[in-house]
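Undergrad: Got a structure here, written out as structure tokens. Questions coming.
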Number of protein chains: 4
Amino acid sequence: MEKIGFIGLGRMGKPMAANLRKHGFELVVMDLNRAAVAELVELGARAGENVAQIARDCSIVVTMLPSSVEVEQVALGADGIFANAARGSVLLDMSTIDPLATDRLEAQAREHGLSVVDAPVGRLAEHADRGESLFMVGASDADFARVKPLLDAMGTTVYHCGAVGTGGRTKLINNYVAVTLCQVNAEALALSQRFGLDIRKTLQVLYGTSASNGQLRMNFPNKVLAGDTTPGFTIDLAHKDMALVLGAAHAAKVPMPVAAAVFESFSLARASEYGRIDFSGIADAICDLAKIDRARVPKGWTAS
Amino acid sequence: MEKIGFIGLGRMGKPMAANLRKHGFELVVMDLNRAAVAELVELGARAGENVAQIARDCSIVVTMLPSSVEVEQVALGADGIFANAARGSVLLDMSTIDPLATDRLEAQAREHGLSVVDAPVGRLAEHADRGESLFMVGASDADFARVKPLLDAMGTTVYHCGAVGTGGRTKLINNYVAVTLCQVNAEALALSQRFGLDIRKTLQVLYGTSASNGQLRMNFPNKVLAGDTTPGFTIDLAHKDMALVLGAAHAAKVPMPVAAAVFESFSLARASEYGRIDFSGIADAICDLAKIDRARVPKGWTAS
Amino acid sequence: MEKIGFIGLGRMGKPMAANLRKHGFELVVMDLNRAAVAELVELGARAGENVAQIARDCSIVVTMLPSSVEVEQVALGADGIFANAARGSVLLDMSTIDPLATDRLEAQAREHGLSVVDAPVGRLAEHADRGESLFMVGASDADFARVKPLLDAMGTTVYHCGAVGTGGRTKLINNYVAVTLCQVNAEALALSQRFGLDIRKTLQVLYGTSASNGQLRMNFPNKVLAGDTTPGFTIDLAHKDMALVLGAAHAAKVPMPVAAAVFESFSLARASEYGRIDFSGIADAICDLAKIDRARVPKGWTAS
Amino acid sequence: MEKIGFIGLGRMGKPMAANLRKHGFELVVMDLNRAAVAELVELGARAGENVAQIARDCSIVVTMLPSSVEVEQVALGADGIFANAARGSVLLDMSTIDPLATDRLEAQAREHGLSVVDAPVGRLAEHADRGESLFMVGASDADFARVKPLLDAMGTTVYHCGAVGTGGRTKLINNYVAVTLCQVNAEALALSQRFGLDIRKTLQVLYGTSASNGQLRMNFPNKVLAGDTTPGFTIDLAHKDMALVLGAAHAAKVPMPVAAAVFESFSLARASEYGRIDFSGIADAICDLAKIDRARVPKGWTAS
């Protein structure tokens, strides 16, 4: 069995690494946060000394880091993964980063006889806890087969989207739609509230037409409409993903006027201090800013 | 059984009236288009001479007209429905109009001892043909019970949204979301195309997350993605409905920045002569204008 | 000298009529507000009994009314201007209305042997008080010559934009730019404030480049930046004009994504109860909503 | 007199350096483009061997580079300016970059006993040729006094905006407004064209009201409206600056919905291959995309 390096034990990375251990993978972990490392050590992982040593020891190194800056920091340079890994090793980057950064990483990896797989994570932190994440994977067929057992240990749904770089691109498209649905639903519900409609009737109709959507059906009734905006996925993170989407779209010359309008709405919400609540909470932000009563459904309500 | 007047035999009104006849309703019809009237007469309807006579003869008058201007023309004035109908009669307006116009009609109807029901129609023209429409109804409980048999003859799904005026308002909210989903999906697919992804992979992922939505699941694969943009519902009509949405939102002081961005995108498509194609065709318009290859899936494709 | 009818003595109409009187025009006036009529009578005007009588008595009838609904009410119908005026008379409509309504009026006027001039008013109410208004005029050359003395009595700047309908269209374009400049400046100043820049330095730079604009140079320092948001021209009125702009643009198939974004920003400001302040106050609204300190310059400050 | 290093001899940097030479400054220059270096050597400059040597030789080093990536490359690292310059030296960065990068540079310069001045350049390349640029300067008073003679040699207008970082921030605000004015004017002119108005009449009115702006008065009649879209400043560069504006605004939590709409309009123009024309050419792009006749004025026309 391959020895796995795992760099980045944050809110998502830690449970993902834990699930790898639970499935018996030999693991060398690393993070600035010693407590997180200690937790993994307790589960049988080894604490890595530094990136170079992890790269030398492990044939697959997973990175789960905040942005392309950190990924490039651990991948590049004399002390980085690429300079120290054995030929044939794989960098499995599961961070959500600019796809052009993934392209650059891939080009540099190839020069070292290494390969890159981009496999960003879908769904929420609580899914990661339960090993129920979804992964969008960009990889050669051979590399995909190689990382598949790891992904199966961390999640329940794995999409092989195509060659390296397609995983991250697919995630951006997916998150663009998911975040935008929150905004669209929020505007619709604000209108319903201002019209004085019974929000349950409005929902019932929307559920029965082509206007139905995953955010409205699954996320909203359990989160913002139930008055619960503790974050699964925060407005700040949604805003960060939309920045990646728009950056990638502008680099590729794809006009996305609705994405831009959504981005600004989330920006206003952040300026008004709604950044740390669940992204469904954009519905509350919009209602509050426009002095409209928040939309709520009774506890336990479901559309009949 | 009540005698039914039916004014407005256009692309939607004609099959709706025909379905009323097929269910045995006694019908007096009217339209500027004599051929449409003749078709209904063939089915056993009587051709009304003028609005006043229809109002005197029928206890329920259905209107299915292009805008509030036409509805007010037939409802108001010395020769209109309100001045000539017997007390207790009902105006069942199934047009999609400004909800403030519905409110004005209702106030004037009440002065004549009449009542109004607003029951705009959901789904497409082909559903109307088959008697499979969806209705969003604003009515008192008594009036709802009274018009329900008519609605059941013309459609399969009837939502009683609340008092008079709630049917039209609910339809605007519903169409805002449905039209916006077309634009959101179009931007997402344009990005996928420019990224060089396999559109089927992108769709498969979107179908499996909270980004899933009715337009993407049901309408797109059968229409624009299959290269078929013959209209169910045109970009011009979607644009008209968005104008009603934004007008109502502005009157109610509800900011809808995404609705506004969608509206302008549809406006650009219309300026570039895409107005008469199916509203899913906004995906083609966006790709064409940005010089991106159109997104297509093979005939008969479904997400596995 | 021609006898002049004047219908609509509101905040703008009253001083305009007064200035006509001061220049010796024979005037018959009308308004629902008796106090306003009394003021004009005191200045030597006659109070008209009804529209029909004014139309019969006067060879030029000025209308200065809130919207096309009111203008059409007084122009059309058996008791309206067109049915009662002598052939060769002129309707001088100075209201700001939908240009398509002007076109309809013009067509109907012609059938009665009458003509229409559209001459909406630029600048603020206080300019109207002082007879310093600006007029954008759509008229045949002959009609322009005929109404020119009246316009000269009420204002200082008269633009003959072309045939009937061009005055109102030009005003919409002008107000689109002027209102949008408020929003653009507001965003720029909010950014300057959040950046912690000295607002006077920012203004000094903007005044010295191609970013300079009339709103920033003339209106802002005297109004919002001086802490004075008593209205010259309210956010509500700016919003109303933008509705006319967007309505006309959509009818003409002209996409205006920036106009749409501005409109929504003003809509949010109105929803947050900034509607009745001066339209430069959009700068305060934007700062307040985003929790940014308002931009202010010291009293009497001017860019050196 | 101080010895001046100058790194970056592109379309703007080369004439700026040349003007320094013309005013007698001792100059050591550097660029990847040997021809540009040779031109400066011909004017009496010395060709620098590498960044470290320039930093050791010169007490002021000017950088005029495409983005923060290049500026950080020459400033940081063992071979960079900061590691090699004598204490008390100044990095005069005249590039247009992310202001947060300027802040980072400043912090690192201080650790080496050095200081940073940010002085991005306003106006066009042809102004740089003639030594008529405008500079927005962020600097301590002492540093400002020190670099002032250089700036006076390269331009005619120098604004001291405040401490380090304020120059770049002011430029972003300025360019946001200037670029947005192009879009606003373009929408206004497209509407005028579609309305069938005489564009000269429209311009004449706009010039006479608070809608007047620098772009419309100075740039448009000499560029796009005269049919000349050879670039002063391209749509691509305007788009790049708007990306910096929006990036900085989002980092600072300032919602800018109009900036976002403008950005997308420029993005669409780029996707349709208008990227390399003058930014006033957005007026042509908008008209072309919406199938509206381009706005033009006769050669030599000026508003009377």
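The values are calculated or read from the model by the stated rules, or taken from the named source; none is laboratory data. Since the model is a prediction, treat every value here as computed from it, not as a measurement. With ideal geometry, Cβ positions are generated from the backbone for all residues, glycine too; neighbour counts draw on all protein chains shown. Side chains are part of the model used for accessible areas, which takes the heavy atoms of the whole protein and leaves out ligands, DNA and RNA. Shrake-Rupley method; radii C 1.70, N 1.55, O 1.52, S 1.80 Å.
Undergrad: Scanning region C:214-239 for residues that are open to solvent by 40 Å² or more (accessible area, probe 1.4 Å) and of a type in the set (A, V, I, L, M), which turns out farthest from B:Asp236 (Cα to Cα)?
TA: Filtering first and then ranking leaves C:Ala226.
Undergrad: OK, next. Tell me the strands (runs of 3 or more DSSP E) entirely within region A:100-191 that contain at least 3 residues that are touching a Lys or Arg at 6+ places or on another chain (Cβ under 6 Å). Break it down stepwise before answering.
TA: On the way: elements: A:115-118, A:133-138, A:155-162.
Counting at least 3 such residues, we get A:133-138.
Undergrad: Out of the residues in region A:156-193 meeting the condition of being in contact with a Phe, Trp or Tyr (Cβ under 6 Å, 6 or more places away or on another chain) and open to solvent by 10 Å² or more (accessible area, probe 1.4 Å), tell me which one is nearest to the other protein chains (Cβ to nearest Cβ).
TA: Once the filter is applied, the top-ranked residue is A:Arg169.
Undergrad: Hey, another quick one. If you scan region C:192-230, which residues turn out to be within 21 Å of D:Ala248 (Cα to Cα) and part of a helix (DSSP H, G or I)? Don't jump to the end; show me each part of the working.
TA: Restricting attention to region C:192-230, the residues satisfying the condition of being within 21 Å of D:Ala248 (Cα to Cα) are C:192-203, C:205-206, C:211.
Matches in region C:192-230: C:Ser192, C:Gln193, C:Arg194, C:Ile199, C:Arg200, C:Lys201, C:Thr202, C:Leu203, C:Val205, C:Leu206.
Undergrad: Still on this structure, please answer the following. Taking the condition charged (D, E, K, R), open to solvent by 10 Å² or more (accessible area, probe 1.4 Å), closer than 30 Å to C:Asn219 by Cα and within 21 Å of the chain's Cα centre (by Cα), does C:Arg130 pass?
TA: Working: charged (D, E, K, R): yes; open to solvent by 10 Å² or more (accessible area, probe 1.4 Å): yes; closer than 30 Å to C:Asn219 by Cα: yes; within 21 Å of the chain's Cα centre (by Cα): yes.
Taking the combined requirement at face value, the residue satisfies it.
Okay, residues lined up against (1) touching a residue at least 60 places away in the same chain (Cβ under 8 Å); (2) within 12 Å of chain B (Cβ to nearest Cβ); (3) out of contact with any strand residue (DSSP E or B) (no Cβ under 6 Å at 6 or more places or on another chain); (4) open to solvent by 20 Å² or more (accessible area, probe 1.4 Å):
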site: D:Tyr274; (1), (2), (3), (4): no, yes, yes, yes
site: D:Ala290; (1), (2), (3), (4): yes, yes, yes, no
site: D:Arg296; (1), (2), (3), (4): yes, no, yes, yes
site: D:Lys299; (1), (2), (3), (4): yes, no, yes, yes
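Undergrad: Oh, and also: Among A:Ala211, A:Ala248, which is open to solvent by less than 20 Å² (accessible area, probe 1.4 Å), within 11 Å of chain B (Cβ to nearest Cβ), within 20 Å of the chain's Cα centre (by Cα) and not aromatic (Phe, Trp, Tyr)?
TA: Details: A:Ala211 fails: within 20 Å of the chain's Cα centre (by Cα).
Exactly one of A:Ala211, A:Ala248 is open to solvent by less than 20 Å² (accessible area, probe 1.4 Å), within 11 Å of chain B (Cβ to nearest Cβ), within 20 Å of the chain's Cα centre (by Cα) and not aromatic (Phe, Trp, Tyr), namely A:Ala248.
Undergrad: Here are some conditions: (1) more than 8 Å from every other protein chain (Cβ to nearest Cβ); (2) open to solvent by 10 Å² or more (accessible area, probe 1.4 Å). B:Leu203 meets all but one. Which one does it not meet?
TA: (2)
Undergrad: Moving on to the next point. Return the only residue of D:Arg34, D:Arg56 being of a type outside the set (Ser, Thr, Tyr), open to solvent by 60 Å² or more (accessible area, probe 1.4 Å) and closer than 23 Å to D:Gly113 by Cβ.
TA: Numbers: D:Arg34 fails: closer than 23 Å to D:Gly113 by Cβ.
Of D:Arg34, D:Arg56, the one residue that is of a type outside the set (Ser, Thr, Tyr), open to solvent by 60 Å² or more (accessible area, probe 1.4 Å) and closer than 23 Å to D:Gly113 by Cβ is D:Arg56.
Undergrad: Follow-up. Being open to solvent by 10 Å² or more (accessible area, probe 1.4 Å), without any contact (Cβ under 8 Å) to a residue 24 or more places away in the chain and closer than 18 Å to C:Val147 by Cβ narrows it down to one residue among C:Gly77, C:Gly24; which is it?
TA: On the way: C:Gly77 fails: closer than 18 Å to C:Val147 by Cβ.
None of the others qualify; the one that does is C:Gly24.
Undergrad: Here is a list of conditions, (1) under 21 Å from D:Ala119 (Cβ atoms); (2) in a loop (DSSP other than H, G, I, E, B), and D:Val74 meets all of them except one; can you say which number that is?
TA: (2)
Undergrad: Among the listed residues C:Lys223, C:Lys240, identify the single one that is more than 16 Å from D:Leu172 (Cβ to Cβ) and in contact with a helix residue (DSSP H, G or I) (Cβ under 6 Å, 6 or more places away or on another chain). I'd like the intermediate steps shown before the answer.
TA: Numbers: C:Lys240 fails: in contact with a helix residue (DSSP H, G or I) (Cβ under 6 Å, 6 or more places away or on another chain).
Checking each option against the conditions leaves just C:Lys223.
Undergrad: Can you confirm whether region D:82-92 contains a residue that is part of a helix (DSSP H, G or I), over 12 Å from the mean Cα position of the chain (by Cα), within 14 Å of chain C (Cβ to nearest Cβ) and at negative phi?
TA: no
Undergrad: While we're looking at this one, here's another question. Cβ contacts < 8 Å: first residue within 15 Å of C:Ile4 (Cβ to Cβ), restricted to region C:36-51; second residue open to solvent by 70 Å² or more (accessible area, probe 1.4 Å) and outside any strand (DSSP E or B), any location; separation 6+ or different chain. Result?
TA: Pairs found: C:Leu43/C:Lys22; C:Val51/C:Asp79.
Undergrad: A follow-up question, please. What single numbered condition from (1) within 19 Å of C:Leu289 (Cα to Cα); (2) more than 21 Å from the chain's Cα centre (by Cα); (3) small (Gly, Ala, Ser) fails to hold for A:Ala226?
TA: Here A:Ala226 meets the rest and fails (1).
Undergrad: Return the residues of region D:256-304 that are closer than 27 Å to D:Arg200 by Cβ, among the hydroxyl-bearing types (Ser, Thr, Tyr) and in a loop (DSSP other than H, G, I, E, B); say none if nothing qualifies.
TA: D:Tyr274, D:Thr302, D:Ser304 - these are the residues of region D:256-304 that are closer than 27 Å to D:Arg200 by Cβ, among the hydroxyl-bearing types (Ser, Thr, Tyr) and in a loop (DSSP other than H, G, I, E, B).
Undergrad: Regarding region D:131-147, can at least one residue be identified that is touching a strand residue (DSSP E or B) at 6+ places or on another chain (Cβ under 6 Å), away from chain C (no Cβ under 14 Å) and in contact (Cβ under 8 Å) with a residue 12 or more places away in the chain?
TA: The initial filter retains those residues of region D:131-147 that are touching a strand residue (DSSP E or B) at 6+ places or on another chain (Cβ under 6 Å), namely D:132-139, D:143-144, D:147.
With the extra rule that they be away from chain C (no Cβ under 14 Å), the set shrinks to D:143, D:147.
So of that shortlist, the ones also in contact (Cβ under 8 Å) with a residue 12 or more places away in the chain come out as D:143, D:147.
Yes, the conditions are met somewhere in region D:131-147.
Undergrad: If A:Met242 satisfies every condition in (1) more than 7 Å from every other protein chain (Cβ to nearest Cβ); (2) surrounded by fewer than 21 Cβ atoms within 10 Å (Cβ to Cβ); (3) not aromatic (Phe, Trp, Tyr) but one, which is the exception?
TA: (2)
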